[in-house]
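Accompanying notes for the structure given below.
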Amino acid sequence: MKKLYGYSDSTPKVRDFAGASLARSSYRRDKEAPLPLSIPGLEFWVSTRFPSSLLQIAGDVSSKATGDPIGYWQDQSTNGRNLTQTTGSLKPTIKLQAINGQNSVIVDNTDDRLDSPTIPRTITGTQIEVTKYGINVFKATAGDSGNTTFYINSFLGQSELLDKLFYSTNLTQLQIDQLVAYFKPVVPYSSYSSLTTLAQYWKNRVDFLTFPFIDTKQVTNLYQTWFNCNKMTSFPLINTSNVTNFSSTWQECRSIKEFPLIDTSKTTGLASTWVSNYALTGFPSINTSAVTTISNCWLNCIGLVSFPLLDTSNVTNFTYTWGSCSSLKSFPLIDTSKATTLSGTWSGCSGLTSFPAISPPLATVFSYAWENCSGLTSFPAINTSSGTTYVNTWINCTGLTSFPTINTASAITLQATWQGCTGLTSFPLLTTSNATSMSNAWNGCTGLTSFPQLDTSKVTNFTYTWNGCSGLTSFPTIDTSQGTDFSLAWAYCSNLTSFPALNMSKSIKFQTAWYHCDKLADFPANMFDTCNCTNYSYSFQYCALTQTSVDNIFNSIAKSAVNLNLTSGILNMNAGTSSAPGHSGYYGKNALVKRGWTVTNNGTDPTPDYALIGATGLTSGEAWSVGYFNLPKAAVWAFYYN
């Protein structure tokens, strides 16, 4: 049986709301259509059939020439609910006899719109737009801002509203179906048959609840076509066999519950294609054999609970592909053999409890890859042989209790890599010989009770590296010879009782380095002898340093201050339970104060050791210098008063 625009010849004839039979010939747009005045609950009706109703401003001349602006579109119902726009840049224009002798309204596809402030937002009902390319039917609900502002459909940078736009309450579903059937010939399936691009055609159409099946066999570009059609609950299986550009095609379509098995065989990119499709719980096994990038493709699809084993054998870019898919319970063993970046790929997939042993031998960037995957209880020894950058890679993976010995021989940046992995109790001896930054690497790993002697010989940045590792009771003698910044490096390591003698010769900053190491009692001598540093603010506040340790710190810093002529520095050793300095420490403190340093410590400083002074014949400061640097008296004088 022959079909006409989706209707067979046996399709029952529909009737208008005056009861008149609508013959099949009356469906054509080149025939005069009946007026919809008899539609029940009609709130307003505007039509391009009446040029005199399209005014430049209210009460002024009609828009009689193509290109004339429309600031006032007169309501043809009896309710006087006219559509208006007073801002010139937002006004659409008229195009006379645009299609089949009928007039069209043109908008700029950016911000042109018409408002009807006389339509209360409490009105509920149905709005129907008949456009050059389609019929838009949507039901308005109470309080919906769309009840008063009408964005005419947008196509190819210029939108054309061909015939009618009306708004009615109390329509039954049958009446809606009859209206759609009546206007069907305006947008037959073949209307799109010659188009190659539908880029941004229906972008931001928040009124769409569904979408019709259209002819897209020639289309190659679907860039942002249905972007932010966030009320659509379903989508048809259209022909996408020639589409190469699917970028952001269905991004922000938050209500689509399932997606058809579309043809993606010719595309190489699926960037941001289904971002924030909240309602999807599964996904079809689409053909991705030619795809090279799927960056952000399913980002924030928070409803996905499973995902198929797609062909990703040619994909190089996996940036945030499944980021924030927080409902995923498991993940397939996809092919990552050509991946060069896995940045943020599974970030925020907090529902995952395990992960497959993928093999990405070419990947150099793993930053944020498993960030906030708090449900992971184990992790495989994946191939990371080319990895150089690991910023926030496993940050806040709080469920991990152990970590595998992965290949980090090429790693340069280990910034916040395992920060907040509170469940880790130990850490493997990884190869880190090329790393230059370990800032925040194990910050907040409160469960660690021991730490290996990693190769840190090239690391310059140790800021916050072990901050908050409150389970550590001791620390290994790592190589810190290239370190320049140790700010907060061991702050809040509240169970450390001793600290090793490290090479700090190049450091210039120790601000808050051992702050709140509440049990730290033993600290070595000569740690800061050659440090060109004046910033020790809060460094040893809230510690439990013995008098010997306090003296060691004062004397070592004083030595560097004198040798390197460091003035106006700051050193805080107060608060907590640290001891007051002894005589030697007091002399070191005094040398710093004389160089303009601000120094604080617990307790009362001792009185000078006059026996020592008498024995040497020197002042108290000189006695300190002689006692700890073994300098001759002449040098001591120059040293102390320099």
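The values are calculated or read from the model by the stated rules, or taken from the named source; none is laboratory data. From a predicted model like this one, the values you see are computed outputs, not experimental measurements. Backbone-built Cβ (ideal geometry, glycine too); neighbour counts: all protein chains shown. Ligands, DNA and RNA are stripped out before the accessible areas are found, and what is left, the full protein with its side chains, is counted by its heavy atoms. Shrake-Rupley method; radii C 1.70, N 1.55, O 1.52, S 1.80 Å.
Some points to look at:
- Residue that is most open to solvent (accessible area, probe 1.4 Å) [pool: residues in the range 582-603 that are at pLDDT 95 or above and polar (S, T, N, Q)]: 598
- The one condition from (1) open to solvent by 40 Å² or more (accessible area, probe 1.4 Å); (2) assigned to a loop (DSSP other than H, G, I, E, B); (3) within 24 Å of residue 603 (Cβ to Cβ) that residue 548 does not meet is (2).
The rows are residues; the columns are (1) closer than 29 Å to residue 505 by Cα; (2) of a type outside the set (S, T, N, Q); (3) buried (at least 22 other Cβ atoms within 10 Å of the Cβ).
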position: 394; (1), (2), (3): no, yes, yes
position: 404; (1), (2), (3): no, yes, no
position: 431; (1), (2), (3): yes, no, no
position: 434; (1), (2), (3): yes, no, no
position: 443; (1), (2), (3): yes, no, yes
position: 447; (1), (2), (3): no, yes, no
position: 453; (1), (2), (3): yes, no, no
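- Number of positions in the range 41-74 that are part of a loop (DSSP other than H, G, I, E, B), of a type outside the set (Val, Ile, Thr), farther than 12 Å from residue 114 by Cα and without any contact (Cβ under 8 Å) to a residue 60 or more places away in the chain: 10
- Pairing residues of the range 592-605 that are at positive phi with residues that are not β-branched (Val, Ile, Thr) and not in a strand (DSSP E or B), at Cβ distances under 8 Å and at least 6 apart in sequence or on separate chains, gives 596/568; 596/569; 603/579; 603/580; 603/581.
- Against the numbered list (1) at pLDDT below 75; (2) crowded, with 22+ Cβ neighbours inside 10 Å, residue 92 comes up short only at (1).
- Matching residues, the range 52-70, being at pLDDT below 80 and charged (D, E, K, R): 60, 64
- Among the candidates 579, 568, 539, residue that is touching a Phe, Trp or Tyr at 6+ places or on another chain (Cβ under 8 Å), open to solvent by 10 Å² or more (accessible area, probe 1.4 Å) and part of a loop (DSSP other than H, G, I, E, B): 568
- Going through (1) surrounded by fewer than 15 Cβ atoms within 10 Å (Cβ to Cβ); (2) within 19 Å of residue 231 (Cα to Cα) one by one, residue 273 falls short only on (1).
- Hey, residue 528 under 23 Å from residue 453 (Cα atoms) and either without any contact (Cβ under 8 Å) to a residue 12 or more places away in the chain or crowded, with 20+ Cβ neighbours inside 10 Å (or both) or not: yes
- Some residue of the range 266-276 being under 20 Å from residue 210 (Cβ atoms), in contact (Cβ under 8 Å) with a residue 12 or more places away in the chain and not hydroxyl-bearing (Ser, Thr, Tyr): yes
- Residue within the range 495-517 that is open to solvent by 50 Å² or more (accessible area, probe 1.4 Å), among the small types (Gly, Ala, Ser) and touching a Ser or Thr at 6+ places or on another chain (Cβ under 9 Å) present: yes
- Meets criteria (among the aromatic types (Phe, Trp, Tyr), more than 22 Å from residue 354 (Cα to Cα) and surrounded by 20 or more Cβ atoms within 10 Å (Cβ to Cβ)) for residue 298: no
- Search result, residues across the range 227-244 that are without any contact (Cβ under 8 Å) to a residue 40 or more places away in the chain, farther than 16 Å from residue 298 by Cβ, under 28 Å from the mean Cα position of the chain (by Cα) and open to solvent by 10 Å² or more (accessible area, probe 1.4 Å): 228, 230, 234, 244
- Answer from 343, 347, 367, 374 - the residue that is over 21 Å from residue 439 (Cβ atoms) and of a type outside the set (A, V, I, L, M): 374
- Count of the range 344-371 residues which are under 14 Å from residue 295 (Cα atoms), open to solvent by 20 Å² or more (accessible area, probe 1.4 Å) and not aromatic (Phe, Trp, Tyr): 1
- Against the list (1) open to solvent by 20 Å² or more (accessible area, probe 1.4 Å); (2) of a type in the set (Val, Ile, Thr); (3) in contact with a Ser or Thr (Cβ under 6 Å, 6 or more places away or on another chain), the condition residue 206 fails is (3).
- Output for the range 369-386, where each listed residue is within 15 Å of residue 328 (Cβ to Cβ) and of a type outside the set (S, T, N, Q): 369, 370, 371, 373, 375, 376
- A Cβ distance below 9 Å, combined with a sequence gap of six or more or placement on separate chains, defines the contacts here; from the range 548-576, residues that are at positive phi reach residues that are open to solvent by 10 Å² or more (accessible area, probe 1.4 Å) and of a type in the set (Gly, Ala, Ser) in the pairs 568/596; 576/544.
- Identity of the residue in the range 95-120, under 44 Å from the mean Cα position of the chain (by Cα) and part of a strand (DSSP E or B), that ends up modelled with the lowest pLDDT: 107
- Tally, over the range 372-392, of residues that are on the phi > 0 side of the Ramachandran plot and open to solvent by less than 30 Å² (accessible area, probe 1.4 Å): 1
- Within the range 209-226, restricting attention to residues that are farther than 15 Å from residue 248 by Cβ and touching a strand residue (DSSP E or B) at 6+ places or on another chain (Cβ under 8 Å), the residue that is surrounded by the most Cβ atoms within 10 Å (Cβ to Cβ) is 219.
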